[in-house]
Structure formats: structure tokens, C-alpha cells
Amino acid sequence: MTPLLADIVGLTGSALFIGAFAYANVAKSLNKAWFNLANLVGAILLLISLSVTFNLAAFVLEAAWAAIAAVGLVLAIRAKKPSPLQGRGLGEGNTGRPRLPTPSPGSEAGPKGQREGEN
């Protein structure tokens, strides 16, 4: 790869970083999958550009950035997938057992089933 091509690849990665950062700061709701994908691709492009003109500090930064973005992307994709149990009453906190009534305040039974204050 020529130094010029490495610069173009690196600048493209930088543009993805800047675009993702701007998006994260102005979006009303963040699409974590797209945000992390842009960061991952940007980091990979910068790592490719570093293969021509190596810089250890930049390499460590981009490798860490890529790893964090990859984990974030996996988590974002998993969060979007519905559980196979959803919609069937399973996996939604419903155990299938009836709920026991919750005592109302002041109705706690004392000794011999008497309420507090009763003799």
C-alpha cells in the first residue's frame, strides 16, 4: 500500500469516528448498533493505515477502540433480538405460579393472628 493510499484509508476511518461522535451528540435516541459499527470500521481502517507508517501509541488506541466497539456491537445486536421465549409468557418474569397477596400497611398479623394494637 502506498503512503497516499494509507492516508486516504486512515482519513476515511477518522471521518467515520467524527461522524459517529457527532451523531451520538445530536441524536435524540442512539442506535447503538450503527454507532458501534461506525467506530469498529473506523478503527479497522486506521489500523490498516498504521501498517504503512506504524505508531505504537496510535496502534494501541485503535486496537482498544476496535475491541470495545466490537463488544458494543455484539451487545447491541443481541439486545435487538427478541428472546425465543418472549410472547409465550416465559422469560418475562412470569413463573406460572399464582402470586400471593401482599399485606397492606397496618395489617401485619402479630401473635395469635392478632393485629398490632389489638388485645
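Worth pointing out:
- Subset of the stretch 41-54 [surrounded by fewer than 17 Cβ atoms within 10 Å (Cβ to Cβ) and among the polar types (S, T, N, Q)]: S51, T53
- Restricting the first member to the stretch 4-25 and to residues that are touching a residue at least 12 places away in the same chain (Cβ under 8 Å) and more than 12 Å from V41 (Cα to Cα), and the second to residues that are surrounded by 14 or more Cβ atoms within 10 Å (Cβ to Cβ) and of a type outside the set (A, V, I, L, M), the beta-carbon pairs closer than 6 Å and six or more apart or on different chains are A6/S49.
- Residue count for the stretch 1-17, restricted to those that are touching a Ser or Thr at 6+ places or on another chain (Cβ under 9 Å), loosely packed, with under 15 Cβ neighbours inside 10 Å and hydrophobic (A, V, I, L, M, F, W, C): 4
- Only one entry in A63, A57, A38 is exposed (fewer than 12 other Cβ atoms within 10 Å of the Cβ), of a type in the set (G, A, S) and part of a helix (DSSP H, G or I), namely A57.
All of the numbers you see were taken from the coordinates with simple rules; none came from a lab. Model, not experiment: these values are computed from the prediction. Because the Cβ atoms are built from the backbone with ideal geometry, glycine has one as well, and the counts that use them run over all protein chains shown.
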